[in-house]
Amino acid sequence: MLDCLCSAIGPTRAVIFDVDGTLLTDTIHQDKHNFIISQVLRRPDLSISAEEWRGIRGLSDDGAYRYIAAKAATQTFALETLLPEVTYLAMARDYVNDHINDISVHPGVREVFSAVEQCGLVMGVATNADWPETERKLSRTGLAKYFHFFVCLDGVLAPKPAPDLYVRGIRLVRDIAGDNIEPEQVLAIEDTYVGALAAQRAGCRVIMCLQDGREVLVDDATHDHRSVLIANSIHDSIKYIRPTENHSRSCPLLSMHP
């Protein structure tokens with residue numbers, strides 16, 4: 001838990017997890033966009049490079065579509081005319097369905113779940129995917145059974161980096177564990193700047209997992225001085241969840257601003 005960092009607001013009461021990249025491998029998501037770009041549009045010059053993906057990882061599919069459309073517009077190519085957004089999103093869903101078996105659970109995830117359960121914390125999901133995709137991924141990997149609730153895109157909630165998914169998650173935590181819970185007592189575990197920003201905007205504490213040695217684009221300026229805890233992997237986040245650990249000296253902090 002983060003007692004030593006937020007003792008004024010009480011102990012952590014819940015953990016909300018991102019899914020893609022945090023719990024599960026997410027390479028198929030860059031692949032799906034580049035597949036559509038190169039095989040459907042036949043415009044490999046618009047493919048998303050590794051550096052570009054590093055900057056937009058965590059966006060919803062419609063957010064990625066808008067990024068690609070803006071990139072195409074600089075080359076006087078009207079993406080919306082040749083491939084409307086609704087068609088693009090359907091193709092992206094189909095690609096994930098066809099490659100669902102390429103997704104695997106990150107090492108250490110189940111150990112983290114065990115630590116959370118041992119602490120008696122509420123567990124939930126907040127993801128920029130819709131429920132059908134999320135249910136398929138978590139059921140196939142055997143992770144669905146661990147969670148008390150799931151917050152997914154539903155056509156109403158705004159995707160991350162907007163705070164909507166986490167705001168609803170906090171509301172569900174209160175329904176389960178009591179109305180007196182403050183947002184700061186909800187811990188979010190994310191692997192992208194987009195996701196961490198959403199959680200922080202909702203008032204949550206954040207653990208940023210740098211999976212596979214990735215670096216995360218983060219703005220060092222901060223308006224609200226809230227801290228983000230850095231973990232080198234999902235397994236490494238256990239040290240911030242177990243209440244017996246002393247984090248006041250060992251936990252590196254990173255500032256982010258909304």
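The residues of segment 32-69 that are assigned to a helix (DSSP H, G or I), basic (Lys, Arg) and in contact (Cβ under 8 Å) with a residue 24 or more places away in the chain, listed by number, are LYS32, ARG54. Residues in segment 78-96 that are out of contact with any Pro (no Cβ under 9 Å at 6 or more places or on another chain), at pLDDT 95 or above and not hydrophobic (A, V, I, L, M, F, W, C): PRO84, GLU85, THR87, TYR88, ASP94, TYR95. Exactly one residue among HIS247, HIS235, HIS148 is at pLDDT below 85, within 23 Å of ALA115 (Cβ to Cβ) and in contact with a helix residue (DSSP H, G or I) (Cβ under 9 Å, 6 or more places away or on another chain), and that residue is HIS247.
Reported count of residues in segment 70-115, each being part of a loop (DSSP other than H, G, I, E, B) and over 19 Å from ASP130 (Cβ atoms), is 10. Does segment 84-102 include one or more residues that are acidic (Asp, Glu), within 18 Å of PRO183 (Cα to Cα) and without any contact (Cβ under 8 Å) to a residue 60 or more places away in the chain? No, segment 84-102 has no match at all. Restricting attention to segment 92-151 and to residues that are closer than 24 Å to GLN185 by Cβ and β-branched (Val, Ile, Thr), the residue that is surrounded by the fewest Cβ atoms within 10 Å (Cβ to Cβ) turns out to be VAL109. For segment 121-137, a residue qualifies if it is part of a helix (DSSP H, G or I) and under 27 Å from ILE181 (Cα atoms), and the qualifying residues are TRP131, THR134.
All conditions but one from (1) surrounded by 18 or more Cβ atoms within 10 Å (Cβ to Cβ); (2) modelled with pLDDT under 95; (3) among the acidic types (Asp, Glu) apply to ASP164; the one that does not is (2). Taking the numbered list (1) touching a Lys or Arg at 6+ places or on another chain (Cβ under 6 Å); (2) of a type in the set (A, V, I, L, M, F, W, C); (3) modelled with pLDDT of 95 or more in turn, ILE181 passes all entries but (3).
The values are calculated or read from the model by the stated rules, or taken from the named source; none is laboratory data. For clarity, every value in this text was computed on a predicted model and none was experimentally measured. So basically every Cβ, Gly included, is an ideal-geometry build from the backbone, and we count neighbours across all protein chains shown.
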